[in-house]
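Structure first, then comments.
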């Protein structure tokens with residue numbers, strides 16, 4: 001499955017409004033088990049997975065998944081069941097984004 005096919009499937013699950021970070025394609029190609037990511041996103045959409053407890057800020061709710069040994073996926077959900085962003089990147093990017101979001105000091 002190509003990165004574009006993965007994006008298409010993710011949009012079917014999370015909505016056409018979902019935005020992807022600029023390095024998404026690079027890390028999508030490195031994924032060995034894309035079905036795991038798709039399954040996780042379906043569970044988020046079906047409200048079977050709770051967000052990070054400390055991540056509920058104003059209008060933002062965050063879900064985080066570790067993929068492999070060094071890659072991370074972060075889904076940011078805005079209120080009213082609309083998902084806004086999906087980030088797939090390295091652990092260092094993940095740490096920087098967590099700091100920006102106030103999840104890490």
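The values are calculated or read from the model by the stated rules, or taken from the named source; none is laboratory data. This one's a predicted model, so the numbers in the text were calculated from it and none came from an experiment. Positions of Cβ are generated from backbone atoms using ideal geometry, with glycine treated the same way; all protein chains shown enter the neighbour counts.
Within 13 Å of the chain's Cα centre (by Cα) and part of a helix (DSSP H, G or I): does that describe residue 11? Yes.
Starting from residues that are without any contact (Cβ under 8 Å) to a residue 24 or more places away in the chain and touching a helix residue (DSSP H, G or I) at 6+ places or on another chain (Cβ under 7 Å), keep the ones in region 1-49 and report whichever is farthest from residue 89 (Cα to Cα). Among those residues, the one meeting the criterion is 49.
Residues to consider are 99, 47, 79, 43; find the one that is more than 13 Å from the chain's Cα centre (by Cα) and modelled with pLDDT of 85 or more. Just one listed residue meets the conditions, 47. At pLDDT 90 or above and surrounded by fewer than 13 Cβ atoms within 10 Å (Cβ to Cβ), is that true of residue 9? No: the conditions fail for residue 9. Just one of the listed residues (92, 69) is modelled with pLDDT under 80, more than 17 Å from residue 11 (Cβ to Cβ), out of contact with any strand residue (DSSP E or B) (no Cβ under 8 Å at 6 or more places or on another chain) and not in a strand (DSSP E or B), and it is 69. Here residue 68 fulfils each of the conditions (1) surrounded by 13 or more Cβ atoms within 10 Å (Cβ to Cβ); (2) under 11 Å from the mean Cα position of the chain (by Cα) apart from (2). For the residues 18, 52, the requirement of being under 26 Å from residue 104 (Cβ atoms) and surrounded by 17 or more Cβ atoms within 10 Å (Cβ to Cβ) singles out 18.
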